[in-house]
Structure formats: structure tokens, C-alpha cells
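The structure under discussion appears below in the form of C-alpha cells.
The values are calculated or read from the model by the stated rules, or taken from the named source; none is laboratory data. A quick note: this is a predicted structure, and the numbers were derived from the prediction, not measured. Every residue, glycine among them, receives a Cβ derived from its backbone with ideal geometry; neighbour counts consider all protein chains shown.
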Amino acid sequence: MQCLQVYKGDNLSKAQWEAFCAPIEGFTFEEGYFKKIEVSEKPLKDASAGAPNVAYTLVREIEKVKDSRFDLQGEWKLVSMGEKAITPEAQPTLKLNISEMKVNGSDSCNTFMGSIKTLTDKELVFGDLASTLMLCAEKMEVADAFGMAMQKVRQYQLKGDQLLLTDEQGGVLLTFAKK
């Protein structure tokens, strides 16, 4: 059974999400969308131990809104670090998995992986990132600078097919293009 994240309220920016692990008859989950729905609850008599004691049925879908965070989903290649253009020979990559709140990629020498600690419509903060420890003499300058920049990321902007990762003041640290 698929569990859903639900919030009973109107202000999504202040939402306190809770796991909901019971089926809703007539409801179809669509990744990348928030849905405001009306549901009827019918108490079940004679529910066996461990079984739900309430049957949920979709009455109507009130609203369906695209979750803009899912525009970050997928693979990205670094095109610039600050003002410095990146060459294809030493080009870091980034893969964002929004559903699982995970990140991985390459710093041009080593692979890395970790979690997405915070993600809102503007904020993006990575958790600790684990990395392999290879030495790539001709790529270490890019790899080290990329790792330092990733630690400073606090916000993001999407501009066309580009993803800009910025610091707390909005200064652009890393600019990616969709792969």
C-alpha cells in the first residue's frame, strides 16, 4: 500500500505533513502535484485487528496545483561556477531525486551522494555529502571548488533550462543546464 503525505489546512508554505497509509477509493496519486480533495469517512464495523477501522472515499478533487519543486528533478551539468565557465573535460554533474530527497553526481573527479535537507519553492539546502576519494591532478581545482560551493548552497532559481544555486545573499555559486 502506498502512503501519502497529507496536510489538513490551506497554507502549503506552513504545512506540517503527516503520513497517511490508508487507501482512498477513487483517488489517484500524481507525482509532482498538490491536490486539495474532499474525502468522506465511513466507520467500519467488525474491522479485524490491524485493519483500518475507517473507509475513505474521494468525494471530489477541489484543486490541483503543480509542485514547482519537481522542476528540479533530474540530471544537470555544470556550465559555470560563479563567473568562471566550465569546460566539458572537467564538468561536474548533479542528479536531484525530489521524491526521495536525495542528491548525487560527480565533482568532475569523484562521485558524491547525500540528502536534500531543505527544499521549498526557493530554499535548497543539502545535508552532508559523502564522496569517493580519488586524486585527479588535472581536475582537483574544479572538484574542490565545486565541493566548497555545494556546502554554501541555500537557495535556487530556475531560469529557462538553467538551475542557479545561490548562497544566503542570493549570490550565484553554481549554474547548471539540464542534461
Task: Single condition TYR156 does not satisfy, out of (1) touching a strand residue (DSSP E or B) at 6+ places or on another chain (Cβ under 8 Å); (2) over 16 Å from LEU94 (Cβ atoms) - done: (2)
- [ ] Among the residues of region 89-127, write down those that are among the small types (Gly, Ala, Ser) and under 18 Å from VAL142 (Cβ atoms).
- [x] ALA90, GLY105, SER106, SER108
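Conditions tested, residue by residue: (1) of a type outside the set (Phe, Trp, Tyr); (2) modelled with pLDDT of 90 or more; (3) under 30 Å from LYS95 (Cα atoms); (4) within 18 Å of the chain's Cα centre (by Cα).
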{"site": "ASN11", "(1), (2), (3), (4)": "yes, no, yes, no"}
{"site": "PHE27", "(1), (2), (3), (4)": "no, yes, no, no"}
{"site": "GLU31", "(1), (2), (3), (4)": "yes, no, yes, yes"}
{"site": "GLU38", "(1), (2), (3), (4)": "yes, yes, no, no"}
{"site": "SER48", "(1), (2), (3), (4)": "yes, no, no, no"}
{"site": "SER68", "(1), (2), (3), (4)": "yes, no, yes, yes"}
{"site": "LEU72", "(1), (2), (3), (4)": "yes, yes, yes, yes"}
Open item on the list: Testing PRO88 on (1) in contact with a strand residue (DSSP E or B) (Cβ under 9 Å, 6 or more places away or on another chain); (2) closer than 25 Å to TYR33 by Cβ, one condition comes back false. Which one is that?
Closed with: (2)
Open item on the list: What's the number of the only condition in (1) of a type in the set (A, V, I, L, M); (2) within 30 Å of LEU165 (Cα to Cα); (3) surrounded by 12 or more Cβ atoms within 10 Å (Cβ to Cβ) that VAL65 fails to meet?
Closed with: (3)
Task: Evaluation of LYS152 against (1) at negative phi; (2) in contact (Cβ under 8 Å) with a residue 24 or more places away in the chain (one fails), failing number - done: (2)
Task: Failed criterion for VAL59 (all others in (1) buried (at least 16 other Cβ atoms within 10 Å of the Cβ); (2) touching an Asp or Glu at 6+ places or on another chain (Cβ under 6 Å); (3) not basic (Lys, Arg) hold) - done: (1)
Open item on the list: Please go through region 6-30 and give me each residue that is among the aliphatic types (A, V, I, L, M), under 21 Å from GLU41 (Cα atoms) and assigned to a loop (DSSP other than H, G, I, E, B), ordered by number.
Closed with: ALA22
- [ ] Look at LYS36 and say whether it is among the basic types (Lys, Arg) and part of a loop (DSSP other than H, G, I, E, B).
- [x] no
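Scan region 68-83 residue by residue and report those that are in contact with a helix residue (DSSP H, G or I) (Cβ under 9 Å, 6 or more places away or on another chain), surrounded by 15 or more Cβ atoms within 10 Å (Cβ to Cβ) and not hydrophobic (A, V, I, L, M, F, W, C).
Hit for region 68-83 is LYS77, nothing else.
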Task: Boolean, VAL142 is hydrophobic (A, V, I, L, M, F, W, C), over 22 Å from SER13 (Cα atoms) and surrounded by 13 or more Cβ atoms within 10 Å (Cβ to Cβ) - done: yes
Open item on the list: Please verify whether VAL59 is within 25 Å of LEU129 (Cα to Cα), modelled with pLDDT of 90 or more and touching a Ser or Thr at 6+ places or on another chain (Cβ under 6 Å), treating the condition exactly as stated.
Closed with: no
TODO: Quick one: which strands (runs of 3 or more DSSP E) lie wholly within region 118-177 and hold at least 3 residues that are touching a helix residue (DSSP H, G or I) at 6+ places or on another chain (Cβ under 8 Å) and modelled with pLDDT of 95 or more?
DONE: 124-131
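Let's see how each residue does on (1) among the hydrophobic types (A, V, I, L, M, F, W, C); (2) closer than 25 Å to ILE98 by Cβ:
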position: ASN11; (1), (2): no, yes
position: GLN16; (1), (2): no, yes
position: CYS21; (1), (2): yes, yes
position: TYR33; (1), (2): no, yes
position: THR57; (1), (2): no, no
